[in-house]
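> Questions regarding the structure given below will be posed in turn.
The values are calculated or read from the model by the stated rules, or taken from the named source; none is laboratory data. Keep in mind that this is a model prediction, so the values were computed, not measured. Please note: Cβ atoms are built from the backbone with ideal geometry, for glycine as well, and neighbour counts cover all protein chains shown.
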Ligand SMILES: [Zn+2]
Ligand SMILES: [Zn+2]
Ligand SMILES: [Zn+2]
């Protein structure tokens, strides 16, 4: 486990520190989107600012990405699309379970966006699609 974690950090040009290794391990174990507060509880007594900075480093270096949950702030999850320092390549939507509030990266549904107007004055930077419904645990 530790070798994998150190390797993942190195691949993203992040120096392995005990805190970074802990946070990365939790993101791998949980395997879903988590809020800073949740990580804070799990990693207690680690300090919130340190965890926050660690997550920011992961996002900047293409190891993690964020999704905004309305009214509840940012949620973090590991990238699975070979993201790196230069680019985040995401075309996966996020699935929000309306019953248990679970938020997962979803690859069962694929989103395609087509530019229909070649002369568009809008410059697309990021595409965010959210799917809402019942997760496998909540679906009857
Ligand atoms: Zn990414
Ligand atoms: Zn659910
Ligand atoms: Zn995601």
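> Does segment 47-68 include one or more residues that are within 18 Å of residue 26 (Cβ to Cβ), within 16 Å of ligand 1 (Cβ to nearest atom) and assigned by TED's automatic domain parsing to the domain that holds residue 140?
There is no residue in segment 47-68 that is within 18 Å of residue 26 (Cβ to Cβ), within 16 Å of ligand 1 (Cβ to nearest atom) and assigned by TED's automatic domain parsing to the domain that holds residue 140.
> Show the residue pairs that are 6+ apart or on different chains and have beta-carbon atoms under 8 Å apart, the first residue being within segment 126-140 and over 14 Å from residue 98 (Cβ atoms), the second being more than 16 Å from ligand 3 (Cβ to nearest atom).
The qualifying pairs are 127/113.
> Continuing with this model, one more query. What's the total number of residues in segment 16-33 that are under 12 Å from the mean Cα position of the chain (by Cα) and closer than 12 Å to residue 58 by Cα?
Summing the residues that are under 12 Å from the mean Cα position of the chain (by Cα) and closer than 12 Å to residue 58 by Cα in segment 16-33 gives 2.
> Scan segment 52-108 residue by residue and report those that are assigned to a strand (DSSP E or B) and within 25 Å of residue 16 (Cβ to Cβ).
Once the filter is applied, which keeps residues that are assigned to a strand (DSSP E or B) and within 25 Å of residue 16 (Cβ to Cβ), segment 52-108 yields 64, 65, 66, 74, 75, 76, 77, 78, 105.
> Next up: Only one of these is farther than 20 Å from residue 10 by Cα and either modelled with pLDDT under 95 or within 16 Å of ligand 3 (Cβ to nearest atom) (or both): 35, 77, 64. Name it.
Unique residue meeting the criteria: 35.
> Here are 85, 113: which of them is without any contact (Cβ under 8 Å) to a residue 60 or more places away in the chain, outside the structural domain of residue 9 (by TED's automatic domain parsing) and away from ligand 3 (no atom under 16 Å from the Cβ)?
113
> In this structure, does residue 27 turn out to be over 21 Å from residue 137 (Cα atoms), in a helix (DSSP H, G or I) and not assigned by TED's automatic domain parsing to the domain that holds residue 139?
no
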